[in-house]
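The values are calculated or read from the model by the stated rules, or taken from the named source; none is laboratory data. Because the structure is predicted, anything quoted here is derived from the model rather than measured. Cβ placement follows ideal geometry from the backbone for every residue including glycine, while neighbour counts extend to all protein chains displayed. With ligands, DNA and RNA removed, areas are computed over all heavy atoms of the protein, side chains included. Shrake-Rupley method; radii C 1.70, N 1.55, O 1.52, S 1.80 Å.
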Amino acid sequence: MKPSDQFEQFVLPTYGRFPIVPVRGEGSRLWDDAGKSYLDFCMGIAVCSLGHCHPKVVSAIREQAGNLLHVSNLYQIPQQAELAEEIVTQHVKMPGKVFFSNSGAEANDGLIKSARRFGHKVRQPNGEPRYEVLTFEKSFHGRTLGSMAATGQAKIQEGFDPMLPGFRYLPFNDIEALEEAVRPETVAILLEPVQGEGGVNVATHEFLRAVASLCRERDLLLLFDEVQAGFGRCGDSMAWRMIAPEVKPDGVSWAKGMGGGVPIGAFWLSDRAVGDDGVALSSLMGPGSHGSTYGGNPLVSAAALAVLRELREKELANHAILMEARVRETIRGWELPVVTEVRGSGLLLGVGIDASMVEVPDGKTAALVIVTRAMEKGLLVVPAGAETVRLLPALNVSEQEIDEGLGILKEVLAEVVK
Ligand SMILES: *Cc1c(COP(=O)(O)O)cnc(C)c1O
């Protein structure tokens, strides 16, 4: 049976899958079962931050797999402890503590639970707990009941109501709307410093500063979802630092790029003092408050540690900035009217498309037409909404690979214009 037939018969049809069967990867290259090679600027949607099968990640996995795959979080897991230290001291660079999950949605659920705990600690004037988390339109926080409810996109929630209560969606980058929005029950603001799925929208410096100062004024937690944007992707280990380095979040979630391909997510909570008695925020998630059987097991922790060390030692966040400049300069040089703009930060980039200039069959979008044509020509890129083509190369992508990928994209854009 062909994989596509097996999928049809045995796998829930939750994804619209392209008809290619990748079987091998190395660096920025991917090969399918027919031997065709692709330049991969999808990278598992920003997951394989060091490219496919990076030797250091592969050998960390091999070595760990030969020693110990999994033990319960009932016991000490040195790889997990070391990974947490790496994250706190080398990447977040603020005192705090990490919890390990298996995905981005779960990491966000952990942040939401932490916010509710904080709302029990620092309550409404009438003594009731605070619980409401403000999030933003076009955000994406995941598919669990919690993270879906946090996501400000109707299409993600459709048919799954009633939603978990306690969320409200505000327009992104709108400072006025924000200041009106806080109610007595509001306890936190959760946002992506660079929105990924929602079309690659970067928070403005003024907006992040306004969010942060509102959080301080009203004693709200400032929570960043860096599941897609974090760990070098946007040009700094932490995406918010690219925009407003002076801002200090209370919690941050990650997944995707931190594991280089193994399923791992995490969230960090600050040690900042909260409440009348000044306990550490991170202490509110005490024994029994949260858990995950697999979270941070020896295998995934060893892999993620190899990824984060390589990112840091090779200064790949800086490399992402250099490659971003190359992409922007090249695309500007094309002077193609079908390209409306390039948005994003580092190597989380969205190429805006003027959809009115593209021949789009019914049921498709301009972005999908371009992504499909690029795939046929050996370049993998990803849609972000209907009118944005997302580029997510490995953070160690070479100049030559950037030039080759953009060369294919340019050809495609020339072909799809009416
Ligand atoms: C992908 C993504 C998620 C969800 O992560 P999963 O690992 O798919 O659960 C959450 N937030 C953002 C910003 C994402 O890009």
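Here are the numbers:
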| item | result |
| --- | --- |
| For L50: the one exception among (1) in contact (Cβ under 8 Å) with a residue 12 or more places away in the chain; (2) more than 25 Å from G196 (Cα to Cα) | (2) |
| Strands (runs of 3 or more DSSP E) (entirely within the stretch 162-253) containing at least 2 residues that are crowded, with 24+ Cβ neighbours inside 10 Å | 186-191, 221-225 |
| Residue in the stretch 184-205 that is farther than 25 Å from T144 by Cα, at pLDDT 95 or above and charged (D, E, K, R) present | no |
| Residue within the stretch 36-47 that is over 23 Å from E376 (Cβ atoms) and either open to solvent by 90 Å² or more (accessible area, probe 1.4 Å) or part of a loop (DSSP other than H, G, I, E, B) (or both) present | yes |
| Out of L349, L308, L380, sole residue that is touching a residue at least 12 places away in the same chain (Cβ under 8 Å) and in contact with a Ser or Thr (Cβ under 9 Å, 6 or more places away or on another chain) | L308 |
| Hey, I321 among the β-branched types (V, I, T) and surrounded by 24 or more Cβ atoms within 10 Å (Cβ to Cβ) or not | no |
| The lone exception for I156 - which of (1) surrounded by 22 or more Cβ atoms within 10 Å (Cβ to Cβ); (2) farther than 14 Å from L134 by Cα it fails | (1) |
| When residues of the stretch 253-278 are limited to those that are among the aliphatic types (A, V, I, L, M) and over 23 Å from G350 (Cα atoms), the one farthest from the ligand (Cβ to nearest atom) | A273 |
| Top-ranked residue in the stretch 72-121 [being in a loop (DSSP other than H, G, I, E, B) and within 16 Å of the ligand (Cβ to nearest atom); ranked as surrounded by the most Cβ atoms within 10 Å (Cβ to Cβ)] | N102 |
| Hits in the stretch 153-210 (condition: among the charged types (D, E, K, R) and either assigned by TED's automatic domain parsing to the domain that holds T14 or more than 16 Å from the ligand (Cβ to nearest atom) (or both)) | E158, D161, R168, D174, E176, E179, E180, R183, E185, E206, R209 |
| Number of the exception - T144 against (1) polar (S, T, N, Q); (2) within 13 Å of the ligand (Cβ to nearest atom); (3) open to solvent by less than 10 Å² (accessible area, probe 1.4 Å) | (3) |
| Leading residue by the ranking (nearest to K56 (Cα to Cα)) among those in the stretch 3-26 that are in contact with a helix residue (DSSP H, G or I) (Cβ under 8 Å, 6 or more places away or on another chain) and open to solvent by less than 70 Å² (accessible area, probe 1.4 Å) | V21 |
| Count of the stretch 49-71 residues which are of a type in the set (A, V, I, L, M, F, W, C), in contact with a Leu (Cβ under 9 Å, 6 or more places away or on another chain) and either open to solvent by 70 Å² or more (accessible area, probe 1.4 Å) or not in a loop (DSSP other than H, G, I, E, B) (or both) | 6 |
| In the stretch 154-208, the residues that are more than 20 Å from the chain's Cα centre (by Cα) and farther than 23 Å from K113 by Cα | E158, G159, D174, I175, E176, A177, E179, E180, E206 |
